[in-house]
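Written out below as structure tokens is the structure these notes cover.
Read-outs: derived from the displayed coordinates by stated rules, not from any lab. Owing to the predicted nature of the structure, the values given are computational and were not obtained by experimental measurement. Using ideal geometry, Cβ is built from the backbone for each residue, glycine included, and neighbour counts are taken over all protein chains shown.
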Amino acid sequence: MTPGSNSTVTDGQLIQPLCAIFRRFIKRQGLKFTPERALILSAVLGKDGIFEAEELLYEMRQAGHRVSKATIYRTLKHLVDARIISEVLIDADRTRYQLSFGRTPKGHLVCVESGKIVEFEDPALTELRDAICQKYGYEPLSFQFTVYGRSPQARQAESIIDDR
């Protein structure tokens, strides 16, 4: 299975192949596949949806794992470079990540007032990506679709304030 493919596999089917892919990637970089990197990979594979590095660090420490902030950030960069996860660019303040290998690509709706993020899947997005890549001769590796707007809750809150 390739990154950005239309098929979705279960998390159980992902663990061993992604571990092997990541081990090979790390070895090609002249690095070691350490127990800390294995723990981080396992924690990332357990994430559902987008996440932040600080959130991952907090959850791993809460689970009793001794892992440094620097190791988290370096390992996330390696996972991005290995195309196992992708960066989700929603704002300039912080980087978020999501598992991309073996997953159907997702779009994001971002409320510019509350910061609320809604993930969604739509086969039309993948079809559009493929059509555009075919037109220009590109091989799709990944893509992002993000819509910035105001959520219904933000609009409703504003109308309540305006009515006063």
**Prompt:** Antiparallel as a % of all DSSP beta bridges within the stretch 105-164, to the nearest 5?
**Reply:** 45
**Request:** For the stretch 29-45, take each phi angle, set θ = phi - 60°, evaluate the Karplus expression 6.51 cos²θ - 1.76 cosθ + 1.60, and give the result in whole Hz per residue in order, putting x for glycine and proline.
**Result:** 7, x, 10, 9, 8, 7, x, 5, 5, 5, 5, 5, 4, 4, 5, 5, 5
**Message:** Take residue 139 and residue 34, extend 7 Å from each Cα along the Cα→Cβ direction, and tell me the distance between the two endpoints in nm.
**Reply:** 3.3
**Surrounding net charge for residue 58, when Lys and Arg each add one and Asp and Glu each subtract one, Cβ distance under 15 Å** = +2
**Prompt:** With a Cα-only, solvent-free Debye model of the chain, what are the log10 I(q)/I(0) values at q = 0.10, 0.15, 0.20 Å⁻¹?
**Reply:** -0.45, -0.90, -1.33
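What is the local net charge at residue 136, summed over the other residues whose Cβ is closer than 13 Å to its Cβ (Lys, Arg +1; Asp, Glu -1)?
My count for the surroundings of residue 136 gives 0.
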**Asked** Using the Cβ atoms and a cut-off under 12 Å, what net charge is assigned to the surroundings of residue 41, where Lys and Arg are +1 and Asp and Glu are -1?
**Response** +2
**Request:** Return the sequence-ordered ³J(HN,Hα) values of the stretch 107-113 in whole Hz as given by the Karplus equation 6.51 cos²θ - 1.76 cosθ + 1.60 applied to θ = phi - 60°, using x for Gly and Pro.
**Result:** x, 9, 9, 10, 7, 6, 8
**Prompt:** At residue 132 and residue 27, where each label point lies 7 Å from the Cα along Cα→Cβ, what is the point-to-point distance in nanometres?
**Reply:** 3.7
**Item:** Rounded if a/c under 1.5, otherwise prolate or oblate - the stretch 42-97, Cα gyration tensor axes
**Value:** prolate
**Fill in**
Going fewest to most other Cβ atoms within 10 Å around each Cβ, 61, 129 line up as 61, 129
**Request:** Count the DSSP beta bridges whose two residues both fall in the chain, then state the antiparallel fraction as a percent rounded to the nearest 5.
**Result:** 65
